[in-house]
Each structure stands twice: as C-alpha cells, then as structure tokens.
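Down below is the structure, laid out as structure tokens.
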Amino acid sequence: MSSNDIDIHHLGAAYALDALDDRERMAFEAHYPSCEVCRADVLAFRATLSQVAAAQSILPSPTLKGRVMAEIAQTRQLSPLLPDRVTDLAERRRRQRTMGGFLAAAAAVVLVISGALVLRGGDPPAYAEALAEVLGQPDARVLTLDAGDSSAAGDGGAVKVAWSSTGEMAVLIADGLPEAPDGAAYELWLIADGVPQPMNVLEAAADGQLRVVLEIDDSPDSWGVTIEPVGGSAAPTGEILFLGTV
Amino acid sequence: MGVLRLGRTTRADAAQVDVSDPLGGLLRQAGRGDQEAFAQLYDELAPMVVGVVLRVVRDPSQSEEVAQEVFVELWRLAARYDGTKGSVGSWAATMAHRRAIDRVRSEQSARNRVAREVSNLVPDHDDVVERVETTLDQGRVRRALDMLSPLQREALELAYFGGHTYREVAVLLDVAEGTVKTRIRDGMIRLRDELGGAQ
C-alpha cells in the first residue's frame with residue numbers, strides 16, 4: 001500500500017466527479033472515511049459540484065412528479081439504523097426483499113461459514129482494510145459477475161469480486177441480493193482449471209448487502225454463485241445465478 | 001460452522017442535521033414517511049436533478065428514468081441522511097450524478113463514446129430545454145469557471161458532463177494520466193475556492 005498512499009490522497013477531486021474507475025473508486029471508498037483530509041476534500045468538492053449541478057436546472061417534465069409520487073407511495077423506506085446488531089433470521093428474511101443494498105460503507109454482513117474460509121473482520125474498517133490490501137496488490141482484479149437471465153424475481157442484485165492471486169485474498173461485494181428460497185442458500189465458487197472450488201455459503205444481511213473476505217489458493221478462471229441446499233454443496237448442483245469469467 | 005455478525009456503522013442522528021439547511025427539515029419529515037414533505041422536497045430538487053442528469057445522459061427519456069430512480073432512492077434513504085456529510089442539495093446532486101454516470105457507463109463502453117464537443121458547463125441560453133431561472137447560480141458558476149485555465153476546464157467538463165474517468169480523459173486528450181489528475185485536482189480546488197465548498 002505504501003506506494004499508493006501518496007497517490008490516494010489526491011483522488012478526492014476525481015472521486016467527487018465520479019471520474020475514478022471501479023478499482024480506484026473502491027480503493028478510495030475504503031480509504032477516505034477514515035482520512036480526515038480526504039473526507040473534508042470530498043465534502044467540499046461535492047458541495048462545489050452541487051452548485052455546478054444547480055446551474056444546470058431545467059423544468060422537469062410535468063408528468064415526472066406524478067410518477068415519482070406514485071412509486072414512492074409503494075416503496076418501503078430503509079430504517080434509520082444501519083444494521084448494527086444481529087437481527088433474528090425471520091425478521092431479516094422478511095426485510096430482505098424490500099431492502100436493496102445501497103450504502104457501501106454499511107457493511108453489515110451475516111455469514112454462515114462452511115469450507116475453507118478465512119473470515120477477517122467484519123466491521124467496515126476491517127473489510128475496508130482487506131479491500132484496500134487486495135487492491136493495493138499489483139495483480140489486483142475486479143470483476144462484476146453477470147447475472148444469469150433465469151435469476152428469480154427480476155432484480156437479483158449485483159455481485160463483484162476483487163481479488164489478488166499473489167495476495168491470496170479476495171473480497172466479495174454484493175448488493176441487493178434477494179432472499180434465498182426456503183431451504184436454499186447462495187454459494188460462491190472459485191473456478192480454476194475448470195474445477196469449481198466451494199468458497200463459502202453466503203447469506204446477505206437485511207439490506208441485501210454482503211461483504212466477505214476470503215482466502216484463495218488458486219488463480220481463478222471464473223467466479224460463480226449458485227443456489228444450493230442450506231449448508232452448501234461440495235460441487236455446484238444448482239442454478240448459476242452469477243458468473244464472471246476472468 | 002458458525003454465524004458471525006459483521007458490520008457496524010453510525011446512524012444518521014437527527015440531532016446532527018444542519019439546521020441551516022432548509023431542506024433538512026423536509027427530508028427528515030420525508031424520512032418518517034411524510035409524502036407531502038417529500039413532494040415539497042421534489043419541487044425544490046427536481047430542476048437540479050433533472051438538469052444534471054440530462055447533461056450527462058443526453059437522452060431525454062432515459063434521463064427521466066434516471067431522475068425517477070434518484071428520487072425513489074432519496075425516499076428510501078431519507079431516514080439515513082446524515083447532515084454532517086453535506087447539505088441535502090449536495091447529497092441529491094451526488095446521487096443524481098452517480099446514477100447518471102452508472103447509466104451512461106452501462107449503456108455503452110465509455111471508450112466507444114464519441115468524444116463529444118466540449119460544451120460549456122453553463123447551459124446555453126438558446127438551449128431547447130426550458131431553463132429554470134437560476135440566473136444568480138449560473139452567473140456565479142460561469143464566473144468561477146472563467147477563472148479556470150482552459151485545460152483545467154476541459155478536463156473537468158469531460159469528466160463531470162462527459163461521464164469519462166480521468167483515464168479516459170487522458171486518452172481523449174492524448175496526455176498523461178498524471179497530467180489529467182493534476183488538472184482535475186487543481187481545477188476542483190480553484191472552483192471550490194471561487195464557489196465555496198460549504199454550501
């Protein structure tokens with residue numbers, strides 16, 4: 001990280017402009033909340049840009065407001081509390097469908113662990129540190145997995161994996177994961193030389209978010225997420241929900 | 001096997017909402033499910049949200065979709081707004097720009113997009129869309145932009161309105177990435193000093 005440390009403090013302006021690529025954005029998002037200088041930069045640049053945005057003001061189409069109001073009338077709001085305690089499973093399941101993941105900083109994660117998995121830290125700083133560590137490796141990669149077209153119930157969420165083979169570490173970032181059907185669970189696979197290795201069984205938190213830090217031994221050709229019986233399988237048996245090829 | 005709970009973060013404490021932000025009260029009410037308050041908030045924010053989204057997305061019908069997404073997101077997240085992290089306007093502008101960028105980057109690879117003519121950050125008066133009377137804002141922004149060097153301004157515009165990453169801007173302008181990073185940073189600092197960064 002040390003060579004990146006100098007640079008990362010200079011990314012606040014580009015970040016506020018949404019002008020970083022995915023990898024740098026994730027690295028900066030892992031960094032800036034805990035860096036006083038960068039946090040102040042981002043706040044100030046965003047405030048500046050909001051004035052530039054205001055100078056673009058136009059009259060919205062007269063029908064837009066009606067559509068917005070109709071949709072929000074049917075849209076459940078997120079609770080003011082970011083999840084910070086264990087909620088019971090039934091409550092979490094009940095809420096999963098309506099709460100798409102959003103706040104990247106709120107890495108509230110419930111993990112059911114099986115197989116070889118190194119669990120590192122769960123609070124956001126630990127996850128953020130792991131992510132920064134992965135992204136700081138020269139061979140770091142970030143892949144957005146493609147959602148299979150047969151995934152249930154429309155919006156199946158989004159899954160990204162950042163990893164470094166030399167660093168032997170991966171971070172999975174999922175948002176908006178819908179509830180797994182009863183008796184089933186998501187399972188993540190690292191596919192190397194055509195052989196899927198079970199990574200772990202995933203269960204998203206109430207808001208559909210998942211941040212998982214994993215230890216990897218092999219260099220993946222692809223990453224996949226399938227639906228499996230609760231507890232997971234040793235080899236994929238279920239529908240492929242997400243797949244990304246390196 | 002075990003169940004592990006990870007994650008913890010701060011809540012948006014209502015007491016921290018900046019009382020000097022007139023929209024903060026409306027958003028707080030909206031966060032409690034008050035649709036009438038949200039309707040007022042919409043009236044305040046929609047010209048900016050729709051305007052900035054259109055500048056980035058360009059296509060009017062897609063822009064409307066994106067703007068609608070932005071407002072639904074504001075509604076969903078209203079209770080989590082944290083006044084210590086910027087004004088409501090700044091929050092909404094950030095979200096609107098981010099969503100617009102997501103749309104253009106998913107629509108087509110940014111590299112394939114034609115490097116459009118760099119347009120002014122301030123809309124032309126003869127633009128076909130009906131501009132809202134924000135003459136003061138536009139005047140201040142125009143004057144602030146005039147303080148930038150042409151190279152700084154070009155880099156900022158390609159990034160903010162063109163929706164390009166700074167790496168793409170470097171390719172478009174055929175200069176080193178470090179050079180673009182510097183122009184963007186210096187330009188933003190200048191703009192912040194002219195416009196203020198504490199709205």
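No value in this document is a laboratory result; all are computed from the given coordinates. Small disclaimer: the values here were computed from a predicted structure and weren't measured. Note that each Cβ is placed from the backbone with ideal geometry, even for glycine, and that neighbours are counted across all protein chains shown.
Across peptide A:234-240, the mean count of Cβ atoms from other chains lying within 10 Å of each residue's own Cβ comes to 0. Put a dot 7 Å past the Cα of B:Arg98, heading toward its Cβ, do the same for A:Thr166, and the two dots end up 3.2 nm apart.
Taking 0.36 nm per residue of separation and subtracting the Cα-Cα distance, full extension of the segment from B:Asp43 to B:Asp193 would add 51.1 nm.
When the Cα gyration tensor is reduced to axis lengths a ≥ b ≥ c, the ratio a/c is 1.5 or higher for the range A:176-233, and with a/b above b/c it is classed as prolate.
Here the residues B:Met188, A:Met169, ranked from fewest to most Cβ neighbours within 10 Å of their Cβ, fall in the order A:Met169, B:Met188. Once the chain from A:Ala234 to A:His10 is taken as fully extended at 0.36 nm per residue, the excess over their C-alpha distance is 76.1 nm. Let a ≥ b ≥ c be the square roots of the eigenvalues of the Cα gyration tensor of the range A:1-76; is it rounded (a/c under 1.5), or, if not, prolate (a/b larger than b/c) or oblate? Taking the square roots of the gyration eigenvalues as a ≥ b ≥ c, the range A:1-76 is prolate. Using a/c under 1.5 as the rounded threshold, could you call the range B:156-197 rounded, prolate or oblate? The axes a ≥ b ≥ c are square roots of the C-alpha gyration tensor eigenvalues, and prolate needs a/b larger than b/c, oblate otherwise. Because a/c hits 1.5 or more and a/b fails to exceed b/c, the range B:156-197 counts as oblate.
Dividing the mean sequence gap of close Cα pairs (under 8 Å, 6+ apart) by how many residues the range B:26-90 holds gives a relative contact order of 42 percent.
Net charge within 11 Å of B:Val175 by Cβ-Cβ distance, Lys/Arg positive one each and Asp/Glu negative one each, not counting B:Val175 itself? Don't jump to the answer; show the numbers that get you there.
On the way: positive: B:Lys181, B:Arg183; negative: B:Glu154, B:Asp174, B:Glu177.
That sum, taken over residues with Cβ under 11 Å, equals -1.
Our summary gives the range A:159-246 a relative contact order of 31 percent, counting only alpha carbon pairs under 8 angstrom and 6 or more residues apart.
Inter-label distance, A:Glu71 to A:Ala184: 2.8 nm, where each label sits 7 Å from its Cα along the C-beta direction.
What ranking of A:His31, A:His10, B:His97 emerges when the number of other C-beta atoms within 10 Å of each C-beta is taken as an exposure proxy, fewest first?
Numbers: A:His31 24, A:His10 15, B:His97 27.
In order of increasing Cβ crowding within 10 Å: A:His10, A:His31, B:His97.
Residues B:Arg32, B:Arg153, B:Arg55 in ascending order of nearby Cβ atoms (within 10 Å, fewest first): B:Arg32, B:Arg153, B:Arg55. Distance between the modelled labels on A:Arg23 and B:Asp59, one decimal in nanometres: 3.0 nm (7 Å Cα→Cβ projection).
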